[in-house]
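The values are calculated or read from the model by the stated rules, or taken from the named source; none is laboratory data. On a predicted model such as this, the values are computed, not experimentally measured, just so you know. So basically every Cβ, Gly included, is an ideal-geometry build from the backbone, and we count neighbours across all protein chains shown. Areas reflect the complete protein model, heavy atoms only, side chains present, ligands, DNA and RNA absent. Shrake-Rupley method; radii C 1.70, N 1.55, O 1.52, S 1.80 Å.
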Amino acid sequence: VCSLEERQGYAQGSVSVQEQHLQCVFPPGVHALLLVIRADKKFTEAHRAALQDHVELLGENVWNHTMVLFTCGDWLGETPIEQFIYSEGAPLQWVVDKCSYRYYRINNTDRADVTQVSQLLQCIEFVVATNKGQRFGIDNERYEAEVMKMKHQEKAMQEMRQRGQQMMGMGMGMWPQN
């Protein structure tokens, strides 16, 4: 099971989160991905852009295997999920559209309602059936290219840290003094 949690640095595209994305979907791949969005939090353009950046690592085909799971559905009260999606605006509508309008609303407070889980599993089975049971995965070439890119980024960051430490050790500081 792979989950993307809201973390500090998520929108900035931290290397560790990107690497986790790749590790989650590389061999043998997954049948379905759940994109968890809290209904009690505003889904902004910044969220949409960050999501798009991360998904680009996996390729456009990832959307064929993805559905949105709205948690905290109880927060919406009697508001239908379709009305909520419409009222949230273009960023959330874009995500739902990319997922081919596959979504499910779950009520977090009604733990006695066991039908929620079985209905969610039916939705996931629909995603699997739509893809004829094929798993989503990225090809070896794409995976290797992304891993290499991340290693280069990490090496560049380490070199910058070392240069900064060397300058500090020589009493030069990071900035020229007047």
> Which of the lysines could a cross-linker span from Lys42 if the Cα-Cα distance has to be under 20 Å and same-chain partners fewer than 8 positions apart are dropped?
Replying inline: Lys98
> For labels at Val128 and Thr79 in the simple 7 Å Cα→Cβ model, what's the distance in nm?
Replying inline: 3.3
> What accessible area per residue, rounded to a whole number of Å², is obtained for segment 28-127 using a probe radius of 1.4 Å?
Replying inline: 54
> Length gain on complete extension for the stretch Asp53 to Leu120, per 0.36 nm per residue less the alpha carbon to alpha carbon distance?
Replying inline: 21.4 nm
> Residues with amide H under 5 Å of Phe70's amide H, sequence separation 5 or more or different chain, H placed in the peptide plane at 1.01 Å from N; which?
Replying inline: Ile37, Tyr104, Arg105, Ile106
